[in-house]
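Chemist: Got a structure for you, written out below as structure tokens; questions coming shortly.
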Amino acid sequence: MTNQKNPREIDLMRAAGKIAAAARVEAGKLITVGATTQSIDQKVHDFIVSQGAIPAFLGYNGYPASVCISINEEVIHGIPSMRRLKEGDVVSIDVGAMKDGYIGDCAATFIAGTGSADSERLIKITTECFYEGLRFARVGHRVSDISRAIQRHAENNGYSVVREYVGHGVGSKIHEPPEVPNFVERPRHKADPRLLPGMTLAIEPMINFGKANIIVLDDKWTVVTADGQISAHYENTVLITQGDPEILTICEDAT
Ligand code: MF3
Ligand code: CO
């Protein structure tokens, strides 16, 4: 399963990616002290719909919202609620938009108000992890080359990488092959495909300040760090080309 898109599909992926990226920018502007995560979800939902797209997460495996909003020790899949953001909260936003049958998937981590130096640094390194992985998002490499680069950068900086959730192919479905782990297994991950032009991959480091272990809460969605320390997430949908990779979840007002 190579999951390569044809030129028509790539154009649709670009269009979806732009909307997802713009939705991430909108979400970022809404990360303010006192905002409820539900109000953020509602506004981002309305933004996606205003762009002629569909929130790709809404109803996916029964997920009840358009955006995942994960605060502090929450790693991913935080469900929007009446909870109000507090000064210094570390807030990951994950958003997917489907336009004309194709999906852009992206995430970023923001701070409500002013955060600690530890929080700022975790977010910075997590974003850098994505870009370290991106250097290997090229024909001639394998998925594990991306994974290794991400893991190395995180661990070299004293952080740890979540194992239970991974990046993935993305296209007309949110999750397509191949898996794109943020770590390498010895001897080797089950499948470790070569990268081919036309593949569209969601590369998404989930990086913990403390230990790697996670727990899923009783709501069956919210993933939290077992040690209660903060976590950050950064994700883009990326197109493998014959040359440099193309970040599809990018817009003029890019984050
Ligand atoms: N963005 C998530 C991912 O990359 C998908 C969230 S699925 C949802 O895997 F159901 F939680 F929305
Ligand atoms: Co994803």
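The values are calculated or read from the model by the stated rules, or taken from the named source; none is laboratory data. Here the structure is a predicted model, which is why all the values come from computation and not from measurement. Here the Cβ is made from the backbone with ideal geometry for all residues, glycine too, and neighbour counts use every protein chain on show. In case anyone asks, the SASA skips ligands and DNA or RNA and just uses the protein heavy atoms, side chains included. Shrake-Rupley method; radii C 1.70, N 1.55, O 1.52, S 1.80 Å.
Chemist: What are the ³J(HN,Hα) values, in whole Hz, obtained from phi via the Karplus relation 6.51 cos²θ - 1.76 cosθ + 1.60 with θ = phi - 60°, for each residue of the stretch 126-138 in sequence order, with x given for Gly and Pro?
Modeler: 5, 5, 4, 4, 4, 5, 5, x, 4, 4, 9, 7, 9
Chemist: Amide H of ALA202 versus every other amide H placed in the peptide plane: which residues, excluding those fewer than 5 positions away on the same chain, fall under 5 Å?
Modeler: Hits under the 5 Å cutoff: HIS168, GLY169, VAL170, VAL238.
Chemist: Hey, any idea what the orientation-averaged projected area of the convex hull of the chain's Cα atoms comes to, in nm²? Could you put the intermediate results ahead of the total?
Modeler: Values: hull surface 50.0 nm².
Computing the convex hull of the Cα atoms and averaging its projections yields 12.5 nm².
Chemist: Would you grab the residues whose amide H sits under 5 Å from the one on VAL75? Only those 5+ places off in sequence or on another chain, please, with H modelled 1.01 Å from N.
Modeler: Correct list: VAL223, VAL224, THR225.
Chemist: Are there GluC sites (Glu not before Pro) in the stretch 165-255 that DSSP marks as loop and that have at most 11 other Cβ atoms within 10 Å, and which are they?
Modeler: On the way: sites: GLU179, GLU185, GLU235, GLU246, GLU252; in loops: GLU185, GLU252.
In loop regions of the stretch 165-255 (DSSP not H, G, I, E or B), the sparsely surrounded GluC sites (Glu not before Pro) are GLU252.
Chemist: Can you compute the helix-only [θ] at 222 nm over the chain? Use -39500 (n - 2.57) per DSSP H run of at least 4 residues, normalise by all residues, nearest 500 deg cm²/dmol. Don't skip to the answer; put the middle values down first.
Modeler: Details: 4 runs with 69 residues, N = 255.
Helix-only estimate at 222 nm: -9000 deg cm²/dmol.
Chemist: Treating only the Cα positions of the stretch 110-255 as identical point scatterers, give the base-10 log of I(q)/I(0) from the Debye formula at each q in 0.21 Å⁻¹.
Modeler: Debye intensities relative to I(0), on a log10 scale: -1.35.
Chemist: Going from the alpha-carbon gyration tensor of the stretch 18-147, what semi-axes, largest first and in whole Å, does one get by taking the root of 5 times each eigenvalue?
Modeler: Working through the eigenvalues yields semi-axes of 24, 22, 12 Å.
Chemist: Taking loop as defined by DSSP and a crowding limit of 10 other beta carbons within 10 Å, which trypsin sites (Lys or Arg not before Pro) in the stretch 119-205 fit?
Modeler: Details: sites: ARG121, LYS124, ARG135, ARG138, ARG142, ARG148, ARG152, ARG163, LYS173, ARG188, LYS190, ARG194; in loops: ARG135, ARG138, ARG163, LYS173, ARG188, LYS190.
Passing sites in the stretch 119-205 are ARG188, LYS190.
Chemist: How much accessible area per residue does the chain have, in Å², with a 1.4 Å probe? Let's see the in-between values first.
Modeler: Numbers: 10790 Å² over 255 residues.
So the chain comes to 42 Å² accessible per residue, rounded to a whole number.
Chemist: Let me ask something else about it. Let me spell out the model: positive unit charges on the Cβ of Lys and Arg, negative unit charges on the Cβ of Asp and Glu, origin at the Cα centre of the chain. What dipole size does that give, in debye rounded to 20? All intermediate terms of the calculation are to be shown ahead of the outcome.
Modeler: Values: 26 positive and 32 negative charges, 97 e Å.
So the magnitude is around 460 debye.
Chemist: For the stretch 94-165, which GluC sites (Glu not before Pro) pass both filters: DSSP loop (anything but H, G, I, E, B) and at most 16 other C-beta atoms within 10 Å?
Modeler: Values: sites: GLU120, GLU128, GLU132, GLU155, GLU164; in loops: GLU164.
For GluC sites (Glu not before Pro) across the stretch 94-165 that sit outside H, G, I, E and B with at most 16 neighbouring Cβ atoms in 10 Å, the list reads GLU164.
Chemist: Another question, if that's okay. How large is ³J(HN,Hα), in whole Hz, for each residue of the stretch 70-85 in order, when computed from phi with the Karplus curve 6.51 cos²θ - 1.76 cosθ + 1.60 and θ = phi - 60°, using x for Gly and Pro?
Modeler: Whole-Hz 3J(HN,Hα) from phi for the stretch 70-85: 10, 9, 6, 6, 6, 8, 8, 6, x, 8, x, 8, 7, 4, 9, 5.
Chemist: Carbon and sulfur: what percent of the chain's accessible surface (1.4 Å probe)?
Modeler: Numbers: 5570 of 10790 Å².
Within the chain, the accessible surface is 52 percent carbon and sulfur.
Chemist: log₁₀ I(q)/I(0) of the stretch 69-114 at q = 0.18 Å⁻¹, via Debye over equal Cα point scatterers, no solvent, to two decimals?
Modeler: Each listed q maps to, in turn, -0.58.
Chemist: What is the distance in Å between the Cα centres of the stretch 84-126 and the stretch 49-75?
Modeler: Answer, in whole Å: 13.
Chemist: Can you give the Kirkwood hydrodynamic radius of the stretch 38-85 from its Cα pairs, in Å with one decimal? Intermediate results must be reported in sequence, preceding the final value.
Modeler: Numbers: mean 1/r = 0.0892 Å⁻¹.
Result for the stretch 38-85, one decimal place: 11.2 Å.
Chemist: With the cut-off at 31 Å, tell me which of the pairs LYS5/LYS220; LYS43/LYS86; LYS43/LYS173; LYS190/LYS211 have Cα atoms farther apart than that.
Modeler: Values: LYS5/LYS220 33 Å; LYS43/LYS86 19 Å; LYS43/LYS173 24 Å; LYS190/LYS211 24 Å.
Listed pairs above 31 Å: LYS5/LYS220.
Chemist: Continuing with this model, one more query. Spelling out what I want: for every residue of the stretch 157-171, take phi, set θ = phi - 60°, compute 6.51 cos²θ - 1.76 cosθ + 1.60 (Karplus), and round to whole Hz; glycine and proline get x.
Modeler: Each residue's phi maps through the Karplus curve to give 9, x, 9, 10, 10, 5, 9, 6, 10, 9, x, 6, x, 9, x Hz.
Chemist: Quote the charge dipole size of the stretch 45-158 about the Cα centre in Debye, to the nearest 20; the model charges only the Cβ of Lys and Arg (+1) and of Asp and Glu (-1).
Modeler: 260
Chemist: Using amide H atoms built 1.01 Å from N in the peptide plane, name the residues 5+ places from ALA35, or on other chains, whose amide H lies under 5 Å from its own.
Modeler: Result for ALA35 returns LEU85.
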